[in-house]
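Chemist: Following this message is one structure expressed as structure tokens.
The values are calculated or read from the model by the stated rules, or taken from the named source; none is laboratory data. Quick caveat, the model's predicted, so the values are computed rather than measured. Positions of Cβ are backbone-derived with ideal geometry, glycine not excepted, and every protein chain shown enters the neighbour counts.
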Amino acid sequence: MTKYFKDVNTLEELRRQYRDLLKKFHPDNANGSTQATQEINAEYDQLFKVLKDRHEKTADNKENNAKTDFNNMKYDFTEDQKLREVLQQIISFEGINIEVCGSWIWAFNSYNYRKELKELGFKYASKKQAWYWHSDAFRKKGRKALSMEDIRNYYGSTEVETDGTKRLRQAFA
């Protein structure tokens, strides 16, 4: 199938062989030529597309399986003791909106409780105008900034009923 590339199964192997072949067949080298370099580039482009598509398909399958598993699973608060403890400490704050997105707690309309939230380990997200908390196990992998709507769509979202909203609902019932 290919003249220059041998036994390439991953993008890393392809890139490694590509570098080695360019070193060997570059027009500046004694046994290199422009025609050989062009053939190597053409084969590289062809193999890159095939391997990239294969990689994306396997990643999509894994992601789709994870999404369906997540969608079929309701969040179980017993799984994360720290999350429950933090929620119990802020659930009595009046007038704030608490939302759990994945394993993060977001507190909106919480200006009056900023000192208490900071003491509990919350951090302020100025663009979202909300305080957030997550466990120490979380490490951000990318630099992409997500809007709250993106976060809700990606991780799922549950609004937590605070003691104040329970009292309001009972008063109007």
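Chemist: Just to verify a result, which residue in the range 5-41, among those that are among the β-branched types (V, I, T) and closer than 27 Å to T58 by Cα, is surrounded by the most Cβ atoms within 10 Å (Cβ to Cβ)?
Modeler: By that ranking, first place goes to I40.
Chemist: Residue pairs, Cβ under 6 Å, 6 or more apart or interchain, first in the range 70-96 and under 17 Å from L120 (Cβ atoms), second modelled with pLDDT under 50. List them.
Modeler: R84/F77
Conditions tested, residue by residue: (1) surrounded by 13 or more Cβ atoms within 10 Å (Cβ to Cβ); (2) modelled with pLDDT of 85 or more.
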residue: E43; (1), (2): yes, yes
residue: D60; (1), (2): no, no
residue: T78; (1), (2): no, no
residue: E94; (1), (2): no, yes
residue: S110; (1), (2): yes, yes
residue: K115; (1), (2): no, yes
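Chemist: Answer yes if at least one residue in the range 120-143 is in a helix (DSSP H, G or I) and at pLDDT 90 or above, and no otherwise.
Modeler: Scanning the range 120-143 turns up no residue that is in a helix (DSSP H, G or I) and at pLDDT 90 or above.
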